[in-house]
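The block underneath contains the structure these notes are about, expressed in structure tokens.
The values are calculated or read from the model by the stated rules, or taken from the named source; none is laboratory data. What you see is a predicted model; the values in this text were computed from it and never measured. Virtual Cβ from ideal backbone geometry, glycine too; neighbours counted across all protein chains shown.
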Amino acid sequence: MIIRDYRVNDETGWVRCRTLAFLQTAYFDNVLNKKEYYKNPAIELVAELDGQIVGLIDVEYEKEERTVCSRGEGLGGMIWHIAVHPDYSRQGIGQQLLHAAETKAKRMNLNRFEAWTRDDLWVQNWYGKMEFKIVDSYYHVYFEGNEMNHKIQSNTPNLYLVNAFTHYVGRDIDQFKNNKRVHQCVCFEKSF
Ligand SMILES: CC(C)(COP(=O)(O)OP(=O)(O)OC[C@H]1O[C@@H](n2cnc3c(N)ncnc32)[C@H](O)[C@@H]1OP(=O)(O)O)[C@@H](O)C(=O)NCCC(=O)NCCS
């Protein structure tokens, strides 16, 4: 297994690896059919084994304070994607990708990584093992069918909302206890 910079012709492998990894998480329907690119520079690494992409990490980073990260001081990097193909999980690939990205980040004088993830305890435990700390959270609330009642409405005549994905940053999360899909979205941070 080698860890190396992402190349343009890795795109199909990158998309497949990410899709399979996210399928087993609360982001199961967050499917991309193309690699994401960033406004700011990014550390983009893949883990390759026998010609197959088995892991990936994308970290968009700051040249100017607070242009990418949501909090903190100094220059930081945001982990937008980290994923390991499920057939190769728990073999240290995620950790090696993170450490390789950290080595590059330190050379660029970044002082931290930020990452957001949903309420998959095993993923949160992985961030914990990698020495990230929870620093913030809010909620992702989905509305479908009857859940829309009066809470979410269209102001446009003849336009009817069928479902909605929302961010809830308040404290009264109990009001959504009958919604089928509510996720806590957690911010992790690691200082170098
Ligand atoms: C989180 C992730 C990147 C970890 O990569 P990895 O190479 O499997 O993990 P590592 O080998 O570095 O670390 C292993 C540890 O991760 C956790 N872990 C990984 N996969 C797990 C699983 N399927 N079930 C439970 N714990 C798991 C465990 O704590 C494990 O330690 P253990 O085997 O001693 O119990 C990978 O599992 C993944 O792609 N997850 C889905 C995508 C995702 O949620 N990404 C983060 C949000 S952007």
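Remarks
- Residue in segment 26-44 that is of a type outside the set (Val, Ile, Thr), within 25 Å of residue 182 (Cβ to Cβ) and surrounded by 13 or more Cβ atoms within 10 Å (Cβ to Cβ) present: yes
- Qualifying residues in segment 110-137 (those that are crowded, with 17+ Cβ neighbours inside 10 Å and of a type in the set (Ser, Thr, Tyr)) - the one nearest to residue 21 (Cα to Cα): 117
- Any hit, segment 138-146, residues being within 23 Å of residue 21 (Cα to Cα) and among the acidic types (Asp, Glu): no
- Of the residues making up segment 129-148, none is near the ligand (Cβ under 7 Å from one of its atoms), touching a strand residue (DSSP E or B) at 6+ places or on another chain (Cβ under 6 Å) and either assigned to a strand (DSSP E or B) or among the aliphatic types (A, V, I, L, M) (or both).
- Restricting segment 71-96 to residues that are away from the ligand (no atom under 15 Å from the Cβ) and part of a loop (DSSP other than H, G, I, E, B), the residue that is surrounded by the fewest Cβ atoms within 10 Å (Cβ to Cβ): 73
- Of the listed requirements (1) under 21 Å from residue 90 (Cα atoms); (2) modelled with pLDDT under 95, residue 132 misses just one: (2).
- Residue ID - farthest from the ligand (Cβ to nearest atom), chosen from residues in segment 55-70 that are acidic (Asp, Glu) and within 17 Å of residue 117 (Cβ to Cβ): 60
- Meets criteria (within 19 Å of residue 171 (Cβ to Cβ) and under 15 Å from the mean Cα position of the chain (by Cα)) for residue 136: yes
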